[in-house]
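A.B. asks: Could you have a look at this structure, given as structure tokens, before my questions?
The values are calculated or read from the model by the stated rules, or taken from the named source; none is laboratory data. Here the structure is a predicted model, which means the values were calculated and not measured. With ideal geometry, Cβ positions are generated from the backbone for all residues, glycine too; neighbour counts draw on all protein chains shown. Only protein heavy atoms, including side chains, enter the accessible area calculation; ligands, DNA and RNA are left aside. Shrake-Rupley method; radii C 1.70, N 1.55, O 1.52, S 1.80 Å.
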Amino acid sequence: MTEPQVSVLMPVYNDRRYLPAAIESILRQTFKDFELIVIDDGSTDGSEEILRGYAERDARVRLVRRPNKGYVYSLNEAIGMARAPLLARMDSDDISPPDRFAVEIAYLAAHPEVVCVGGYYGLMDYRGRFLTTMTPPTDHQAIDQELLAGHTPLCHTSVMMRRDAVEKVGRYDLTMALADDLDLWLRLAEVGQLAIVPQPMVCVRMRRDSLSGQQPDRQLEVARRACEAAWRRRGISGRFEPTDTSRPLSNRRSRMRFSLLYGWWAFSSGRRSTAALYGLKCLTLAPWHLEGLRLLVCALVKRLPQPQFAWPARDWNRSAS
């Protein structure tokens, strides 16, 4: 059997409603020479049926089904199965544009010093409504400095990595779950360079039931520990900067803050209906809050800005509940 050029790592746990869009965005890549390693980590919602269907129809899909062992364990298991020299990450609820693999492979071929490359990334809400495009720094030094401060400019589900470098640093650390990506990037930065291409490589779903949203304090604690370990390895002193969660919590204050954020993001991206929806959410959460009213009025009557990046006009998984 000929070895593929890219092995795609996709852990799955109870993502039935989002799986088809995520998998099809990979199978429709313009670059075709890859294997999609899917670890069904003990799903109980019918994900297995969907995954088996894709595995039966496309020989590039390699499916493993077993009891739940955890996200980071699944990633390392997939790396152990990988046959390609390049590893691409993909989460089971996100969307990759068709040229993602082609762009990242070309970048790594042109930059042998780079061991991990990601890209700009879009954000959508849990129903698939587009919000904004994030544009982190693109050069190694700036990326590394943000990592050392506890930020994650490299979007995990957007990256492509050299397998030999990942093996050299010991794969993902099981003790760093919730900040496993930050920890891996810090260790990879010690054996090669990191980079971000200045174009969108994935659209990430901001889910209310994400692990980071469920355990924000724990995530910050583990991220700090990853940074402190990197400071010790490099013999430097550092300052850990993050103080808040990247996902909305269940309390009203957090939901209000993120509704405002999502609404203004959508407005700036030219998504009038989504901006108006979040304006209404703000008024529902806090009728006395003038910023919510301002968002709604602007969404309804103000001229929309011209977004820098073009994304599909439709939303993904509009009918998801």
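A.B. asks: The stretch 171-289: percent of C-alpha pairs farther apart than 20 Å? Let's see the in-between values first.
C.D. replies: Numbers: 4063 of 7021 pairs.
Looking at the stretch 171-289, the distances longer than 20 Å represent 58 percent of pairs.
A.B. asks: Going Cα to Cα from K281, which lysines come in below 22 Å? Please leave out same-chain ones fewer than 8 positions away.
C.D. replies: Those lysines meeting the cut-off are K302.
A.B. asks: Between Rg and the Kirkwood Rh of the stretch 103-184, both from Cα atoms, what is the Rg to Rh ratio? Could the numbers behind the result be given before it?
C.D. replies: On the way: Rg = 13.8 Å, Rh = 14.1 Å.
We get a ratio of 0.98 for the stretch 103-184.
A.B. asks: Got a sec to turn the phi values of the stretch 158-175 into Karplus ³J(HN,Hα) couplings, 6.51 cos²θ - 1.76 cosθ + 1.60 with θ = phi - 60°, whole Hz, x for Gly and Pro?
C.D. replies: In residue order, the calculated couplings are 9, 8, 10, 10, 7, 4, 4, 5, 4, 5, 4, 8, x, 6, 6, 8, 4, 7 Hz.
A.B. asks: Report the Stokes-Einstein translational diffusion coefficient (µm² s⁻¹, integer) for the stretch 1-153, Rh taken as the Kirkwood radius over Cα pairs, at 4 °C with viscosity 1.567 mPa s. Before the final figure, lay out each step's value.
C.D. replies: Working: Rh = 16.6 Å.
Using the Kirkwood radius from Cα pairs, D works out to 78 µm²/s.
A.B. asks: Indicate, rounded to the nearest 5 percent, the antiparallel portion of the DSSP beta bridges found entirely in the chain.
C.D. replies: Within the chain, antiparallel bridges account for around 25 percent of the total.
A.B. asks: So, one more: Taking all protein chains as present, what is the carbon and sulfur share of the accessible area of the chain, in % to the nearest whole number, probe 1.4 Å? It would help to have the intermediate numbers written out before the result.
C.D. replies: On the way: 7520 of 14630 Å².
Ligands and nucleic acids excluded, carbon and sulfur give 51 percent.
A.B. asks: Which aspartates and glutamates does K69 reach when only Cα atoms under 17 Å apart count, and residues fewer than 8 places away in its own chain are ignored?
C.D. replies: Output for K69: D15, D40, D41, D45, E48, E77, D91, D173, D180.
A.B. asks: Taking θ as phi - 60°, what are the ³J(HN,Hα) couplings along the stretch 50-67 by the Karplus curve (6.51, -1.76, 1.60), each to the nearest whole Hz, with x for Gly and Pro?
C.D. replies: Those phi angles translate into 5, 5, 4, x, 5, 5, 6, 8, 9, 5, 6, 8, 10, 9, 10, 10, 7, x Hz.
A.B. asks: On to the next question. Ordered by packing density, taken as the mean number of other Cβ atoms within 10 Å over each peptide's residues, highest first, how do 225-234, 241-250 rank?
C.D. replies: Working: 225-234: 16.6, 241-250: 14.2.
Going from most to least packed, we get 225-234, 241-250.
A.B. asks: Where nothing but the Cβ of Lys and Arg (+1) and of Asp and Glu (-1) is charged, how large is the charge dipole of the stretch 48-92 around its Cα centre, in debye to the nearest 20? Intermediate values should be presented prior to the final figure.
C.D. replies: Details: 9 positive and 6 negative charges, 31 e Å.
Result for the stretch 48-92 is approximately 140 debye, rounded to the nearest 20.
A.B. asks: Accessible surface of K69 in the full protein assembly, 1.4 angstrom probe, to the nearest 10 Å²?
C.D. replies: 110
A.B. asks: Along each of the three principal axes of the Cα atoms of the stretch 179-233, give the extent in whole Å, ordering the values from largest to smallest.
C.D. replies: 35, 31, 11
A.B. asks: While we're looking at this one, here's another question. Sort all Cα-Cα distances of the chain into consecutive 10 angstrom bins from zero, then give the percent of pairs in each bin up to the one containing the longest distance.
C.D. replies: Each 10 Å bin holds this share of Cα pairs: 6, 25, 34, 25, 9, 1, 0.
A.B. asks: Moving to a separate point now. Excluding ligands, DNA and RNA, what is the solvent-accessible area per residue of the stretch 216-257 at a probe of 1.4 Å, expressed in Å²?
C.D. replies: Details: 2820 Å² over 42 residues.
Heavy-atom SASA per residue in the stretch 216-257 reads 67 Å².
A.B. asks: Given the peptides 3-14, 52-63, arrange them by the average over their residues of other C-beta atoms within 10 Å, most packed first.
C.D. replies: Put in order of decreasing packing, that is 3-14, 52-63.
A.B. asks: What dipole magnitude, in Debye to the nearest 20, does the stretch 158-243 give about its Cα centre under +1 on Lys/Arg Cβ and -1 on Asp/Glu Cβ?
C.D. replies: Working: 15 positive and 12 negative charges, 18 e Å.
In total the dipole reaches around 80 debye.
A.B. asks: Quick check on the stretch 67-216: take the gyration tensor over C-alpha atoms, sort the square-rooted eigenvalues as a ≥ b ≥ c, and tell me if it's rounded (a/c under 1.5), prolate or oblate.
C.D. replies: Details: a/c = 1.35, a/b = 1.10, b/c = 1.23.
Here the stretch 67-216 falls in the rounded category.
A.B. asks: Using a 1.4 Å probe, what is the accessible area per residue for the stretch 88-205, in Å²?
C.D. replies: On the way: 3550 Å² over 118 residues.
Accessible area per residue, the stretch 88-205: 30 Å².
A.B. asks: To continue, here is another question. GNM on the chain, C-alpha springs below 10 Å: top fluctuator among M134, M124, M201?
C.D. replies: Judging by the Gaussian network model, the answer is M134.
A.B. asks: Further question on the same structure: Using the charge dipole of the stretch 107-174 (Lys, Arg: +1 at Cβ; Asp, Glu: -1 at Cβ; taken about the Cα centre), state which of L147, G128, A110 has its Cα farthest towards the positive end.
C.D. replies: The residue sitting most towards the positive pole is G128.
A.B. asks: Using the Karplus curve 6.51 cos²θ - 1.76 cosθ + 1.60 with θ = phi - 60°, work out ³J(HN,Hα) for each residue of the stretch 83-95 in order, rounded to whole Hz, and write x for Gly and Pro.
C.D. replies: Taking θ as phi minus 60°, the curve returns 10, 9, x, 10, 10, 10, 9, 7, 8, 7, 10, 10, 10 Hz for the stretch 83-95.
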